[in-house]
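For reference, the structure discussed in these notes is given below.
Please treat every number below as a calculation from the coordinates, not as lab data. Small disclaimer: the values here were computed from a predicted structure and weren't measured.
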Amino acid sequence: MVHRQTDDRAADQRQGTARGPDTAGRATGTEPEPQPLPASAERDLFADRAPLGLVRLFAPAVPIVLDGEPVEDEERMHADFPGPLHLTRLGHGDDAVLGAFTDRAAMLAEARRQYAGEELPPERLERAKRSMEHVCTTNPGSLPEEVYFYEDAGESGDVKRLPKGRGYPNLSRVSRGFLGTQNWNDVISSLSWCRYDVSLFDAFDWQGNEFFAPKGCNTPDLNRFGWGDRAASIANWGG
């Protein structure tokens with residue numbers, strides 16, 4: 001998938017890290033640090049969203065519900081609503097759907113309502129991770145501040161850590177693999193639970209469509225919701 005490029009480059013070289021890749025996966029010489037997200041970032045980023053270009057269908061394994069209405073034809077949905085969508089998982093088990101919203105505030109409100117969660121012991125969290133069960137906890141403060149992104153479903157394969165209040169605006173510049181010769185663009189397929197809300201975007205610079213993972217919830221399989229191998233930029237909204 002081709003994404004809009006950004007001119008922002010981090011100048012610092014991380015101690016002992018591999019060389020960062022370009023969009024073709026070749027090493028370019030520097031590995032960017034995740035950028036700090038200012039307190040107003042979550043508000044400012046969504047104030048004026050850039051229009052979408054060529055649309056890549058989500059094609060999830062679950063139904064799509066747009067602003068509360070079932071979607072029968074995804075191509076028609078994109079034609080009728082050409083702007084970026086805010087998406088999140090809604091429901092549990094066989095009743096899960098990909099919730100799509102034209103208004104981010106409405107998406108956040110529904111995600112909060114759906115995932116009041118329950119307080120889970122550590123052994124339940126570990127069991128859920130192994131079985132790719134989706135769970136949430138009412139006590140996200142007990143979870144790590146950082147989030148981990150994984151190459152494969154079930155929190156497996158290559159892993160990338162993202163601290164609180166940080167984000168990567170261009171995953172094609174973030175190295176991956178033992179030798180650091182590959183990159184993280186269009187690679188992420190699962191992510192860990194986190195103390196804070198986390199977002200993935202399918203364009204650079206935190207633009208395009210957004211997939212929102214609420215704090216306190218795990219996301220063991222993005223492929224089910226049409227977001228496997230799709231993210232181009234990521235954010236951990238923790239303050």
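Brief remarks follow.
- Segment Thr181..Ser156, full-extension length gain: 7.1 nm, with 0.36 nm per residue of separation and the alpha-carbon distance subtracted.
- Taking a ≥ b ≥ c as the square roots of the eigenvalues of the Cα gyration tensor, an a/c ratio of 1.5 or more together with a/b no larger than b/c marks segment 194-237 as oblate.
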